[in-house]
Amino acid sequence: MSIIKEKTIANKINESVEIYGKSYNLKIIYKNIKIIELNIENNNIIISFPNKYKKIDKKNILKIVIEKMYLEIAKNEIENVMEKTRLMLGYAPEDYEIKNIKNGLAKCTKDKKIIINPQIVKYSKKTIESIILQEYCKLKYRPNSKNFIETLKHYMPNYEKYTYMLSVNY
């Protein structure tokens, strides 16, 4: 009976990734595996690559892995926030979609559909809730109208704090 020891090589990258407003360090590990794995431990995002990736430029692969991570987190988080906001306001969009948007984190279309950028999960949960609430309000009111502002203030009195944080950080 032989014991096979798994050899791992770790590289810490001078790059961080934001999730829910918290910064995580990226750490790459090479292992004897077939597919890329991603785990979050303490303040690290550990991405395990198959050994065959050692000599390949990982910049593009890393970008794809992180974008996929944001998408998966967004699918879970957005579903919860959309339901919470629907129950709070008593109405909902015809549909919503999570996809990359060039300029912005969310938008409401003319046909009452809300599109949400998966990059939204870089921000705190309160900021995400504020963004979703604003998009819901756009379903019913013209942006920045009196009713729009009153509704935002009623359900999230400090929404301006999150709007300001976004204007500074996005």
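Find all pairs meeting these conditions: Cβ atoms under 8 angstrom apart; at least six residues apart or on different chains; first residue within segment 22-44 and under 21 Å from S124 (Cα atoms) and in a strand (DSSP E or B); second residue of a type in the set (A, V, I, L, M, F, W, C) and open to solvent by 70 Å² or more (accessible area, probe 1.4 Å).
The qualifying pairs are Y24/I40.
Working only within segment 43-69, note down all residues that are closer than 22 Å to N100 by Cα and open to solvent by 100 Å² or more (accessible area, probe 1.4 Å).
Listed by number, the residues that qualify are K59, N60, K63, I64, K68.
Answer with yes or no whether I131 is closer than 14 Å to Y20 by Cα, surrounded by fewer than 14 Cβ atoms within 10 Å (Cβ to Cβ) and under 18 Å from the mean Cα position of the chain (by Cα).
It is false that I131 is closer than 14 Å to Y20 by Cα, surrounded by fewer than 14 Cβ atoms within 10 Å (Cβ to Cβ) and under 18 Å from the mean Cα position of the chain (by Cα).
May I ask you to list the residues in segment 28-37 that are open to solvent by 70 Å² or more (accessible area, probe 1.4 Å) and closer than 20 Å to I73 by Cα?
Answer for segment 28-37, where residues must be open to solvent by 70 Å² or more (accessible area, probe 1.4 Å) and closer than 20 Å to I73 by Cα: just I35.
Assuming I40 fulfils every condition listed in (1) open to solvent by 60 Å² or more (accessible area, probe 1.4 Å); (2) under 22 Å from the mean Cα position of the chain (by Cα); (3) at pLDDT below 90; (4) among the β-branched types (V, I, T) apart from one, which condition is it?
The one condition I40 does not meet is (3).
Residue by residue, here is whether (1) out of contact with any helix residue (DSSP H, G or I) (no Cβ under 8 Å at 6 or more places or on another chain); (2) modelled with pLDDT under 95; (3) surrounded by 16 or more Cβ atoms within 10 Å (Cβ to Cβ) holds:
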{"position": "T127", "(1), (2), (3)": "no, yes, yes"}
{"position": "Y136", "(1), (2), (3)": "no, no, yes"}
{"position": "R142", "(1), (2), (3)": "no, yes, no"}
{"position": "F148", "(1), (2), (3)": "no, yes, yes"}
{"position": "P157", "(1), (2), (3)": "yes, yes, no"}
{"position": "E160", "(1), (2), (3)": "yes, yes, no"}
{"position": "Y164", "(1), (2), (3)": "yes, yes, no"}
{"position": "S167", "(1), (2), (3)": "yes, yes, no"}
{"position": "Y170", "(1), (2), (3)": "yes, yes, no"}
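Do we have E72 as exposed (fewer than 12 other Cβ atoms within 10 Å of the Cβ), part of a helix (DSSP H, G or I) and without any contact (Cβ under 8 Å) to a residue 24 or more places away in the chain here?
Spelling it out, it is not the case that E72 is exposed (fewer than 12 other Cβ atoms within 10 Å of the Cβ), part of a helix (DSSP H, G or I) and without any contact (Cβ under 8 Å) to a residue 24 or more places away in the chain.
Do we have I115 as outside any helix (DSSP H, G or I), modelled with pLDDT of 95 or more and closer than 30 Å to T151 by Cβ here?
yes
Results for (1) closer than 30 Å to L139 by Cα; (2) touching an Asp or Glu at 6+ places or on another chain (Cβ under 9 Å); (3) hydroxyl-bearing (S, T, Y), shown as yes or no for each residue.
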residue	(1), (2), (3)
I28	no, no, no
I56	no, no, no
K63	no, no, no
K84	yes, yes, no
L87	yes, no, no
Y96	yes, yes, yes
I115	yes, yes, no
V121	yes, yes, no
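Restricting to segment 81-112, and then to whatever is over 20 Å from I64 (Cα atoms), assigned to a loop (DSSP other than H, G, I, E, B) and of a type in the set (K, R), can you tell me which residue is most open to solvent (accessible area, probe 1.4 Å)?
Taking the candidates together, the pick is K110.
The values are calculated or read from the model by the stated rules, or taken from the named source; none is laboratory data. Quick caveat: nothing in here was measured; it's all calculated off a predicted structure. Please note: Cβ atoms are built from the backbone with ideal geometry, for glycine as well, and neighbour counts cover all protein chains shown. To get the accessible areas, we keep the full protein, side chains included, count just its heavy atoms, and leave off ligands, DNA and RNA. Shrake-Rupley method; radii C 1.70, N 1.55, O 1.52, S 1.80 Å.
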